[in-house]
Amino acid sequence: MSNETSVLYEAPGPRAKARDKIFTVVFTLFFVGLLAWAGYTAYKNGIFDDRWAVLWDPPRGQSVDDVWITSILMSGIWGTLKPVLIAIPIALLLALVLTILRQSPFAVARIPARVVTEVFRGIPVLLIMYFGVIGLNIDPLWAVVLGLVVYNMAVVAEILRAGIAALPSGQKEAGLSIGLSPLQTLLRIQLPQAVRIMLPALISQIVVLLKDSSLGFIIGYSELLKSAKDNYNFFGESTKVVFITVVAVLYILINMSVSRLATYIEGRMRTKSKTVAGLHVEGKADGPPGGVTAAGIGANTRTGDSAF
């Protein structure tokens, strides 16, 4: 082990290794026992009886296609994804506008944007949906979209603001020094880096947005949870656990797919960043031929006035 590695990490000794093994065994046995207790309790409550037959042989003259393909997969999942697909681009666009306004040097733009962000971050999504249905008298679909957009635009705007704040101050100064306006510096230099830094948080918020769409069930919007409720009301209360379990598995699969996609995008962005950095190193010259004079550094190269 090198000196540098030994400074950063001290290898555990025999006593530490033995202690880690004991803790591992104890916690493993604890969780196994917890799962066994949960399974036994469910068994005693009759969870594993014939109610699960609704999965492959639904009663009351219904077929598997009617229940699981048409009602749950097609109607339920599409009902869940439709407001999400509408809300995501709108929320991202409005979040970008709020982020730009919050970076403005003028209080008349910056303060209202901050107030909007703080207020809508603190309001539950369901209250906004209720306001859409009761106060605005709009269709439940658009009430769900309204709730998702208003809340998530505020959260994403705060995420982007945090990403910009995490950048070195020299990034903005460098953009201004080469003649970019404050808005151009924000859009071309700061925001792309902030998105890359905060990408895990942004993807997590998209997952939260997707799960929040289930709140539409409370205001009468037909989505995955509402479809499950309609089915177990039709087949009997005993099938509730079956439909809720299936819905939970579907939500997990959808969210895992989004997370996988996010991991892929993040990996591609990092690979691209490393490739660009490698090209700079191999080229040994990032500036244009002719040196400082050709680059125009020191001259008045500003192409426009301040954007704010």
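Taken together, the values in this text are just the output of simple stated rules run on the coordinates, not laboratory data. Everything numeric here is computed off the predicted structure, so don't read it as measured data. Here the Cβ is made from the backbone with ideal geometry for all residues, glycine too, and neighbour counts use every protein chain on show.
Using a Förster radius of 41 Å, what is the FRET efficiency between Asn233 and Ile90 based on their Cβ-Cβ separation? Nearest 0.05, please.
That gives a FRET efficiency of 0.75.
Rank these for me by crowding, Trp56, Trp142, Trp78, Trp68, going from fewest to most other beta carbons within 10 Å.
On the way: Trp56 8, Trp142 17, Trp78 14, Trp68 20.
In increasing order of surrounding Cβ atoms, one gets Trp56, Trp78, Trp142, Trp68.
Compute the length gained on full extension between Ile22 and Val195: take 0.36 nm times their separation in residues and subtract their Cα-Cα distance, giving the result in nm to one decimal.
Net length gain for the segment: 58.0 nm.
For the stretch 60-272, count the residues as N, evaluate 2.2 N^0.38 Å, and divide the Cα radius of gyration by that value, please.
Its radius of gyration relative to the 2.2 N^0.38 Å reference: 1.23.
Count the lysine pairs in the stretch 60-272 whose Cα atoms sit under 15 Å apart, keeping only pairs 8 or more residues apart in sequence or on different chains.
Close lysine pairs found across the stretch 60-272: 5.
When Phe235, Phe48 are ordered from fewest to most other Cβ atoms inside 10 Å of their Cβ, what list results?
Neighbour counts put them in this order, fewest first: Phe48, Phe235.
At a Förster radius of 35 Å, what calculated FRET efficiency corresponds to the Cβ-Cβ distance of Glu266 and Leu73, to the nearest 0.05? Write down the numbers at each step before the final one.
Numbers: r = 29 Å, r/R0 = 0.84.
So the FRET efficiency works out to roughly 0.75.
Quick check: the distance between the Cα centres of the stretch 78-135 and the stretch 151-221, to the nearest angstrom?
13
Extension gain Met256-Asp57, at 0.36 nm per residue separation less the Cα-Cα distance, in nm?
Using 0.36 nm per residue and subtracting the Cα-Cα distance, I get 68.8 nm.
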